[in-house]
Amino acid sequence: MDFGKAIARAKAILASPRTEWPVAAAEPASIGSLYTTYIVWIAALPAIAGFIKSSLIGTGFMGVHVRTPIGAGIGGMVLQYLLSLALAYVMALVINALAGTFNGQKDMVQALKTVAYSWTASWVAGIAVIIPWLGWLIAIAGAIYGIYLLYLGLPFTMKCPPEKAGGYTALAVIVAIVLSWIVGLIVAGVIGTAAYTGAAMTGTHLGSTSDNVTVDPDSALGKLAAMGERAEQASKEMDAAQKSGDTAAQQAAMNKMMGAAMGNDGDVQALSTEQVKAFLPETLLGLKRTSSSAQRSNAMGMQVTEAHAEYGDGNGRTLTLEVTDTGTAKGLMAMAGAMAPEEERSTDHGYEKTYTADGRLTHEAWDTESKSGEYSVVVGQRFTVKANGNAGSIDELKQAVASVDLSKLEAMREEGVTRH
């Protein structure tokens with residue numbers, strides 16, 4: 001098996017779906033070959049990332065940092081991976097069974113191609129779970145793009161009329177959500193809620209559209225189409241640069257293609273560690289800064305800078321403040337922020353909710369028993385500021401976030417951005 005071919009197909013279906021879907025649909029294949037040459041490799045990405053996040057990095061919630069034991073983490077990773085492979089086949093059965101309803105042609109191999117290549121966006125975006133707090137937003141954006149891929153692909157693989165693709169897609173997505181929820185519950189039973197969240201993120205998948213379908217450019221689907229067109233154009237420039245042999249042109253084209261796949265209309269460089277760390281104050285709500293750190297990483301093509309500081313009074317009261325520049329994921333952050341649903345849940349001892357306030361996506365959680373929680377905001381559709389730890393109330397955590405110069409941070413949203 002040539003893993004490079006699987007990666008090349010993944011890049012092509014994400015960057016130029018309009019031209020790649022007819023090629024993929026026409027290729028000879030079997031259920032076995034689709035699994036061994038593509039699905040088993042790409043589907044492993046979110047499972048591995050989930051293990052890294054849950055067992056190696058850990059998850060923070062309401063001031064408590066938790067890591068899943070390595071053994072349980074490995075078990076959950078393997079279980080999630082195997083269930084995702086099974087889920088792909090079940091969804092292919094569903095898509096094949098629905099073909100006649102939407103005037104398509106039943107073909108199990110083509111149905112599995114539909115699932116494998118449209119779910120690529122969700123599988124790849126599932127890697128983002130390793131990014132603190134932002135991972136679920138990027139995963140949502142990947143799932144949304146996957147729905148778009150499914151919409152584009154059905155007319156080619158299942159031969160349904162383009163005007164029927166919307167209904168076909170909608171019904172398939174509903175079934176996928178239900179099945180993914182069931183998979184999430186199973187994984188959660190093995191390694192807990194954190195694994196359930198990761199499994200749920202990677203379970204909703206997207207699709208592609210036909211050249212005969214037109215969409216409103218101002219609609220969510222229209223924006224996704226524009227994103228796909230930018231990625232397709234960047235892919236063409238990459239091909240031309242490779243043929244020219246110009247190394248500099250190849251690097252520039254690669255950067256443009258990566259940016260387009262991330263939803264950007266230009267190159268984005270994350271801020272330096274010094275720039276982000278400068279937003280962390282010396283004192284926070286009367287507490288002295290006891291430690292601070294910052295790092296700039298380029299994990300799996302996503303450039304992110306994060307600064308982190310601890311504050312305390314020496315008597316057990318502690319607060320943590322984090323400022324993050326999503327960098328390369330800026331475009332996906334904007335899309336995810338615009339489409340993320342508002343939600344709220346409560347328990348006997350607290351609550352958690354996500355909503356939009358003053359145009360900023362906001363997340364807060366509070367536990368009345370431990371007197372701890374967290375409060376986070378997305379600034380300029382690029383940066384996040386989060387405070388968590390022990391406090392008198394959630395209002396103190398809101399004050400902690402407000403202690404950061406959010407207006408100055410928002411004014412830097414275009415810094416490091418080079419438009420094409």
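The values are calculated or read from the model by the stated rules, or taken from the named source; none is laboratory data. Just so we're clear, the structure is a prediction, and the values are computed from it rather than from any experiment. Virtual Cβ from ideal backbone geometry, glycine too; neighbours counted across all protein chains shown. These accessible areas exclude ligands, DNA and RNA; they are computed on the full protein's heavy atoms, side chains included. Shrake-Rupley method; radii C 1.70, N 1.55, O 1.52, S 1.80 Å.
Provide the gained length on full extension for the span residue 282 to residue 393, in nm with one decimal, where the gain is 0.36 nm per separating residue minus the Cα-Cα distance. Walk me through the numbers before you get to the answer.
Working: separation 111, 0.36 × 111 = 39.96 nm, distance 2.17 nm.
Stretched fully, the residue 282-residue 393 segment lengthens by 37.8 nm.
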Practice item. Round to the nearest 10 and report in Å² the accessible area of residue 174, as given by a 1.4 Å probe over the protein chains' heavy atoms. Key: 100 Å²
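How much length is gained on full extension from residue 317 to residue 346, taking 0.36 nm per residue of separation minus their Cα-Cα distance?
8.0 nm
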**Study point:** Karplus (6.51, -1.76, 1.60) ³J(HN,Hα), θ = phi - 60°, over the range 111-122, in Hz, Gly and Pro reported as x
**Key:** 5, 5, 4, 4, 5, 4, 7, 6, 6, 3, 4, 6
Revision key, fill the gap. With a Förster distance of 41 angstrom and the Cβ-Cβ distance between residue 5 and residue 246, calculated FRET efficiency to the nearest 0.05 equals 0.95
Revision key, fill the gap. Which of 11/113; 277/353; 288/398 exceed 22 Å between C-alpha atoms? The answer is 277/353
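Take each of the peptides 20-31, 349-360, average the number of other beta-carbon atoms within 10 Å over its residues, and list them starting from the highest. Don't skip to the answer; put the middle values down first.
Details: 20-31: 15.8, 349-360: 13.8.
Ranked by mean Cβ neighbours within 10 Å, highest first: 20-31, 349-360.
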Practice item. Quick one: order 326, 347 from most to least accessible surface, probe 1.4 Å. Key: 347, 326
